[in-house]
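The values are calculated or read from the model by the stated rules, or taken from the named source; none is laboratory data. Keep in mind it's a predicted model, so treat the numbers as computed, not measured. Glycine gets a Cβ as well: all are built from the backbone with ideal geometry, and neighbour counts include every protein chain shown.
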There are 4 protein chains.
Amino acid sequence: MHATLLNCSLKRSPEPSNTQMLADSVVAVMKGWGVETTSYRLADLRLAHGVATELGEGDEWPRVHQSILASQILVVATPTWVGHPSSLAQQAIERMDAMISETGDDGRPVAYDKVAGVVVTGNEDGAHHVISEVAGALVDIGFTIPGQAWTYWNRGPGPGPTFSETSEGREWSYRTGRAMAANLVAVAKALAERPMPAPPS
Amino acid sequence: MHATLLNCSLKRSPEPSNTQMLADSVVAVMKGWGVETTSYRLADLRLAHGVATELGEGDEWPRVHQSILASQILVVATPTWVGHPSSLAQQAIERMDAMISETGDDGRPVAYDKVAGVVVTGNEDGAHHVISEVAGALVDIGFTIPGQAWTYWNRGPGPGPTFSETSEGREWSYRTGRAMAANLVAVAKALAERPMPAPPS
Amino acid sequence: MHATLLNCSLKRSPEPSNTQMLADSVVAVMKGWGVETTSYRLADLRLAHGVATELGEGDEWPRVHQSILASQILVVATPTWVGHPSSLAQQAIERMDAMISETGDDGRPVAYDKVAGVVVTGNEDGAHHVISEVAGALVDIGFTIPGQAWTYWNRGPGPGPTFSETSEGREWSYRTGRAMAANLVAVAKALAERPMPAPPS
Amino acid sequence: MHATLLNCSLKRSPEPSNTQMLADSVVAVMKGWGVETTSYRLADLRLAHGVATELGEGDEWPRVHQSILASQILVVATPTWVGHPSSLAQQAIERMDAMISETGDDGRPVAYDKVAGVVVTGNEDGAHHVISEVAGALVDIGFTIPGQAWTYWNRGPGPGPTFSETSEGREWSYRTGRAMAANLVAVAKALAERPMPAPPS
């Protein structure tokens, strides 16, 4: 079983990413369940703007797209900026928009039988909304969202430390992430054994 | 297999409900797949405000709650008001909030293995947002949202006819509803055969 | 200058309301600027469901509506439930929907020249989204939202104390509320002196 | 009086932009009221990812930022993708996030006394949500949102024509845009005459 992780942090490597740190904890748990994860840090890639899979030379989305197609699990990990998913998360959603009309021989959208979850960090309020925005878009595209397939970390209002700067609240986020990982893997297996039907005409 | 339908229209019986009309088309398809649905028109019930399952004498939520517990499928059907789910949809979500901490002997939230979908009507723009808001809340509570488990109907900006007043666009909404029904039933069966795990400690 | 405060807590009097506690701090500052505020605790009122101003005998919305019409400032104060404005906040928005088509002799919607702000409490994440949802609806109805006309309080993920149970973060929320009050009063005065125009035909 | 228009279409020049077409109608009305608008098509610019105003050589945001500082009116015009503001709209919001802590000698955030409005196009449902997301973020940064300072265009569910491909609904969007323009100019003038106060300490 394979997973693809999209880290939608605005920071490029090698700058440390709080979002990667929390997402990695979920990846580690999935690995214990036999899932190999390929991670993409979107800020390090050259991604064209648009809603198609192929957008010309130099655009690095097609290999991310291939990885998603080859995976049973997708994890979108994003910081919270002004209460929203990052622009890179939205850009990934826009590129995945093309998958709505990409279908297999059976007429099923390519995202069918795939599950997705969301990891959110931020030193500001907004995780539940970010999860709803990302999950709602992914359901639209055809992914199934298992119950409680998310985790997040932030603190209350006003300036404060980031995820990597304080251990406060971290254990809650890790424990919630362990449930997320277990639910992603379990539902992915259930759909592998009993696939979703072709859309009725 | 059983389903519960919550019609969150603001109108009481016997006033016709556009939301019921579209939701009934989904219920009819599910019936063809062997699913019996119990429908609740929330505007006809006396529902207390709060976030607990039991809120005292006269409150009719507990029997809705029992129906949800006895169902493998939940359909939330709501009109769009000022771009949002109706107040009755939000009230139902508030009451279901209690289910986050209701667990079985195995420590699993009671919504685990249950799937949910969303039906939206409105003569105004807003369905995708309403779907995200409702689906995001239900994932939080523990429901799994199958890919493309929604349908909706509305028209463009400005005043216009309602779902029952014009056939324009109706076929798209019905066809999308057939896919919704098929996906709800398929994923519910998959989870019945291979249940979600207890949350890791 | 007058203000109307809608407390959309799900709790009835005399149960203490965290939302009232934070909103009262804003009301007190506005009073220092010469603004008298009338408060409504919506859970104590009998409010019919619908999108009209008059919904029959026993419905107590019409006097809230009269108070809003007589005010230059509206404050919507709401708890956060499952990441959303409370069902009572949405119910108030639904009732105010009628104001879109209520116009004066000059053809201007009755909410023109009125300003609005939002107060949010919760022990869970979600305030920025709640503010966007409420403010977006109020702009639709015709209210003007002054810059930074909001305050909120919550804590990070997981179970925790409420606003009244801890002083943590409280000073930030009060200070932000003082700016909210000042901005509401300033923009209300600016619009009183220089009213918005009638909609072009 | 000056305005800045951010066209957040994903398409680059010289490809025609539906969003530009609707936004231009608002700009034309504002011009009749004496407002000169500078337009930026963000897809044509090289914009770095981050939440600061200065992000190094080659980044073209600083001149957009200068234009916003020199304007009394900001118009964010965006298409709707998977129900959300475009990734370029979110990127602009992220860059404007820095303005929260940019203050004048008087301690006031630089966005104070500025007004903002939103123009949305799409062949899919979602405009009200897009308006709420963008307006909510701009209020956070300090902009004032005048009542009904938005216009949009889309059609009902399913595939369909774009704004430039059909005249259906267009007159509603133009008329709503005329009100938007009038309200932006009126409230900008009101705030110019009676500025917002410095934040209380």
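Which residue out of D:E124, D:E94 is of a type in the set (D, E, K, R), more than 9 Å from chain C (Cβ to nearest Cβ) and within 14 Å of D:T19 (Cβ to Cβ)? Quick ask: steps written out before the conclusion?
Working: D:E94 fails: within 14 Å of D:T19 (Cβ to Cβ).
Exactly one residue qualifies, and that residue is D:E124.
Out of C:T4, C:T53, C:T80, report the one residue that is under 21 Å from B:A92 (Cβ atoms), β-branched (V, I, T) and in contact (Cβ under 8 Å) with a residue 40 or more places away in the chain.
Numbers: C:T4 fails: under 21 Å from B:A92 (Cβ atoms); C:T53 fails: under 21 Å from B:A92 (Cβ atoms).
C:T80 is the lone residue from the list that is under 21 Å from B:A92 (Cβ atoms), β-branched (V, I, T) and in contact (Cβ under 8 Å) with a residue 40 or more places away in the chain.
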Subset of the range A:186-201 [facing another protein chain (nearest Cβ under 7 Å), in a loop (DSSP other than H, G, I, E, B) and either within 15 Å of the chain's Cα centre (by Cα) or not aliphatic (A, V, I, L, M) (or both)]
A:R194, A:P197, A:P199, A:P200
Scan the range B:168-176 and give yes if some residue there is modelled with pLDDT under 95 and among the hydroxyl-bearing types (S, T, Y), otherwise no.
no
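If I filter the range C:95-108 for residues that are within 12 Å of the chain's Cα centre (by Cα) and outside any strand (DSSP E or B), do I get at least one hit?
Scanning the range C:95-108 turns up at least one residue that is within 12 Å of the chain's Cα centre (by Cα) and outside any strand (DSSP E or B).
Before we move on, is A:D113 among the charged types (D, E, K, R) and within 28 Å of B:L138 (Cβ to Cβ)? If you could, list the steps in order and put the result at the bottom.
Working: among the charged types (D, E, K, R): yes; within 28 Å of B:L138 (Cβ to Cβ): yes.
Yes.
Can you name every residue in the range B:1-20 that is of a type outside the set (K, R) and surrounded by fewer than 19 Cβ atoms within 10 Å (Cβ to Cβ)? Steps first, answer last, please.
Here is the first cut: in the range B:1-20, the residues of a type outside the set (K, R) are B:1-10, B:13-20.
Matches in the range B:1-20: B:M1, B:H2, B:S13, B:P14, B:E15, B:P16.
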So, in the range A:120-145, of the ones that are of a type outside the set (D, E) and over 18 Å from A:L6 (Cα atoms), which residue ends up farthest from the chain's Cα centre (by Cα)?
A:N123
What number goes with the only condition from (1) buried (at least 24 other Cβ atoms within 10 Å of the Cβ); (2) modelled with pLDDT of 95 or more; (3) out of contact with any Pro (no Cβ under 6 Å at 6 or more places or on another chain) that D:V115 does not pass?
(3)
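I'm checking my understanding of the structure. Among residues of the range B:127-136 that are facing another protein chain (nearest Cβ under 7 Å) and touching a strand residue (DSSP E or B) at 6+ places or on another chain (Cβ under 7 Å), which one is surrounded by the fewest Cβ atoms within 10 Å (Cβ to Cβ)? Lay out the reasoning, then the answer.
If we filter the range B:127-136 for residues that are facing another protein chain (nearest Cβ under 7 Å), which is where we start, we get B:127-129, B:131-133, B:135-136.
Still in the list and also touching a strand residue (DSSP E or B) at 6+ places or on another chain (Cβ under 7 Å): B:127, B:131, B:133, B:135.
On the way: B:A127: 29, B:I131: 28, B:E133: 29, B:A135: 24.
Checked the range B:127-136; the qualifying residue surrounded by the fewest Cβ atoms within 10 Å (Cβ to Cβ) is B:A135.
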Mind listing whichever residues of the range A:155-201 are closer than 30 Å to B:R175 by Cα and of a type in the set (D, E)?
A:E193
Tell me, yes or no, whether the range D:17-39 has at least one residue that is among the charged types (D, E, K, R), at pLDDT 95 or above and in a loop (DSSP other than H, G, I, E, B).
no
Some residue of the range B:86-100 being hydroxyl-bearing (S, T, Y), under 29 Å from C:L42 (Cα atoms) and surrounded by fewer than 22 Cβ atoms within 10 Å (Cβ to Cβ):
no
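Identify all residues within the range B:162-182 that are under 16 Å from B:I131 (Cα atoms) and either within 7 Å of another protein chain (Cβ to nearest Cβ) or over 16 Å from the mean Cα position of the chain (by Cα) (or both); write none if there are none. I'd like the intermediate steps shown before the answer.
To start, the set of residues in the range B:162-182 that are under 16 Å from B:I131 (Cα atoms) comprises B:173, B:176-177, B:179-181.
Result: B:S173, B:A179.
Residues B:I131, B:I141: which one is without any contact (Cβ under 8 Å) to a residue 60 or more places away in the chain and over 25 Å from D:G122 (Cβ atoms)? Break it down stepwise before answering.
Values: B:I131 fails: over 25 Å from D:G122 (Cβ atoms).
Exactly one residue qualifies, and that residue is B:I141.
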Which ones in the range D:97-119 are within 11 Å of another protein chain (Cβ to nearest Cβ), among the β-branched types (V, I, T) and in contact (Cβ under 8 Å) with a residue 60 or more places away in the chain?
D:V115
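Within the group D:L74, D:L88, D:L10, D:L5, which residue is among the hydrophobic types (A, V, I, L, M, F, W, C), assigned to a loop (DSSP other than H, G, I, E, B) and more than 14 Å from chain B (Cβ to nearest Cβ)?
On the way: D:L74 fails: assigned to a loop (DSSP other than H, G, I, E, B); D:L88 fails: assigned to a loop (DSSP other than H, G, I, E, B); D:L5 fails: assigned to a loop (DSSP other than H, G, I, E, B).
D:L10 is the lone residue from the list that is among the hydrophobic types (A, V, I, L, M, F, W, C), assigned to a loop (DSSP other than H, G, I, E, B) and more than 14 Å from chain B (Cβ to nearest Cβ).
Of all residues being among the basic types (K, R) and touching a Pro at 6+ places or on another chain (Cβ under 8 Å) in the range D:137-182, which is surrounded by the most Cβ atoms within 10 Å (Cβ to Cβ)? Just the residue, please. Before the answer, list the steps.
At the first step, the residues of the range D:137-182 found to be among the basic types (K, R) are D:155, D:170, D:175, D:178.
Applying the additional criterion that residues be touching a Pro at 6+ places or on another chain (Cβ under 8 Å) yields D:155, D:175, D:178.
Numbers: D:R155: 23, D:R175: 16, D:R178: 19.
By that ranking, first place goes to D:R155.
For every residue, the table says whether it meets (1) closer than 26 Å to A:T103 by Cβ; (2) part of a strand (DSSP E or B).
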{"site": "B:T80", "(1), (2)": "no, yes"}
{"site": "B:V120", "(1), (2)": "yes, yes"}
{"site": "B:D140", "(1), (2)": "no, no"}
{"site": "B:T151", "(1), (2)": "yes, yes"}
{"site": "B:F163", "(1), (2)": "no, no"}
{"site": "B:R175", "(1), (2)": "yes, no"}
{"site": "B:A181", "(1), (2)": "yes, no"}
{"site": "B:L184", "(1), (2)": "yes, no"}
Determine, yes or no, whether D:G83 is surrounded by fewer than 16 Cβ atoms within 10 Å (Cβ to Cβ), within 12 Å of another protein chain (Cβ to nearest Cβ) and out of contact with any Cys (no Cβ under 6 Å at 6 or more places or on another chain).
no
In the range B:40-61, what residues are under 20 Å from B:N7 (Cβ atoms) and either among the small types (G, A, S) or surrounded by fewer than 18 Cβ atoms within 10 Å (Cβ to Cβ) (or both)?
B:A43, B:D44, B:L45, B:R46, B:A48, B:E60
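Kindly indicate which of B:I73, B:I93 is of a type in the set (V, I, T) and within 17 Å of B:V185 (Cα to Cα). Working first, answer last.
Details: B:I93 fails: within 17 Å of B:V185 (Cα to Cα).
Checking each option against the conditions leaves just B:I73.
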Spot the failing condition for B:K31; the list is (1) touching a strand residue (DSSP E or B) at 6+ places or on another chain (Cβ under 8 Å); (2) crowded, with 16+ Cβ neighbours inside 10 Å; (3) of a type outside the set (S, T, N, Q); (4) within 22 Å of B:R170 (Cβ to Cβ), and only one is missed.
(2)
Looking at the range A:139-161, which of the residues that are in contact with a Lys or Arg (Cβ under 9 Å, 6 or more places away or on another chain) and closer than 20 Å to A:V76 by Cβ is farthest from the other protein chains (Cβ to nearest Cβ)?
A:T151
